[in-house]
Amino acid sequence: MSTHATAARAVGLSKTYGTDDTRVHALAAVSVRFARGEFTAIMGPSGSGKSTLMHCLAGLDSVSSGSVLIGDTELTTLSDKQMTQLRRDRIGFVFQAFNLVPTLTALENITLPLDIAGRKPDAAWLDSVLTRLGLKDRLDHRPGELSGGQQQRVACARALAGQPEIIFGDEPTGNLDSHSSGEVLSILRAAVDEFNQTVVIVTHDPRAAAYADRVVFLADGKIVDELREPTADSVLDRMKQLDTPATAAVTV
Ligand SMILES: Nc1ncnc2c1ncn2[C@@H]1O[C@H](COP(=O)(O)OP(=O)(O)OP(=O)(O)O)[C@@H](O)[C@H]1O
Ligand SMILES: [Mg+2]
């Protein structure tokens, strides 16, 4: 595992929103590496910078300073067009808000990135994703005709369909019951184990984090801890430790 190539990395990544008295340091010089074929969960309190980190890594948000690489590609050197292509060809993203196209059916949403790229999904893989996510009898429905959990599963299927190099999921199981949540996580696990894809998700759920190879803890825009081969119990323990008065005092 340790010899794995780098799928994505942030080097001294800072992200500041607003100006003067409204300034928020969402990320403060974060350096982190994600190895190819590894599943990482990012955890931390609300507002700690998890979504900002995912958006910057996926080239969906600009950085204030520092750099982000996908494989060997430094994102800040890319033109808008190159960035769009890189996102389309190499990255799958499940957003905290699902970002489905309301006028397209579930299936059209799922295959949209591939259609735009002029690629065909691997039929057997797509079929297995749709079956395991329980979407097969909802494929002709538009997002407005789907429940929140179904929309989230469509967003997951869309990220998985093209088997991109790296999948980022911002709370991809946030709206799901434990059964659907388990299906999403085990498909992400399969993407890593069977296809050597790289997965990075944000979650607040220690049971979801236990599917990962590694948990990275964020607080106040900084990485404060890391755990390898997590279990739900070890993640919970670490969360409690990070929640001690000493840490809390720093965040106030
Ligand atoms: N567009 C924006 N403009 C100004 N501030 C922002 C913007 N986006 C995020 N922030 C701020 O940056 C900080 C980090 O936000 P972020 O969305 O990354 O948190 P998070 O860890 O994903 O939280 P949650 O668990 O609630 O999703 C927060 O203080 C947030 O208010
Ligand atoms: Mg968030």
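Read-outs: derived from the displayed coordinates by stated rules, not from any lab. Computed from a predicted model, the values in this text were never measured in an experiment. Cβ placement follows ideal geometry from the backbone for every residue including glycine, while neighbour counts extend to all protein chains displayed.
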Taking neighbour Cβ counts within 10 Å as the exposure measure, how do Asp61, Asp233 sort from fewest upward?
Asp233, Asp61
How big is the dipole moment of the chain about its Cα centre under a simple scheme where the beta carbon of each Lys and Arg is +1, that of each Asp and Glu is -1, and everything else is neutral? Debye, nearest 20, please.
280 debye
Quick one: order His141, His179 by neighbouring beta-carbon count within 10 Å, fewest to most.
His179, His141
Return P(r) of segment 132-235 (all Cα-Cα pairs; 10 Å bins starting at 0; whole %; ordered from short to long distances).
14, 45, 31, 9, 1
What list do you get for Tyr211, Tyr17 if you sort them by fewest beta carbons within 10 Å?
Tyr17, Tyr211
Could you work out the helix-only [θ] at 222 nm for the chain, with each DSSP H run of four or more residues adding -39,500 (n - 2.57) and the total divided by the number of residues, to the nearest 500 deg cm²/dmol?
-11500 deg cm²/dmol
Amide hydrogen neighbours beyond the local backbone of Ile42, cut-off 5 Å, H modeled:
Ile201, Val202, Thr203, Val216
Highest-MSF residue in the chain out of Asp205, Asp80, Asp89 [GNM, Cα springs under 10 Å]
Asp80
Using only Cα positions of the chain, each an equal point scatterer, no hydration layer, compute I(q)/I(0) via Debye at q = 0.13, 0.15, 0.16 Å⁻¹ and quote the log10 values to two decimals.
-0.81, -1.08, -1.22
Roughly what angle does helix 80-90 make with the longest principal axis of the chain, taking Cα atoms, 0 to 90 degrees, to the nearest 10?
70 degrees
According to a simple spin-label model (label point 7 Å from Cα along Cα-to-Cβ), what is the distance in nm between Asp140 and Ala123?
2.0 nm
Which angle from 0 to 90°, rounded to the nearest 10, does the C-alpha axis of helix 148-161 make with the longest principal axis of the chain?
80 degrees
Angle in degrees between helix 106-117 and the longest Cα principal axis of the chain, rounded to the nearest 10:
80 degrees
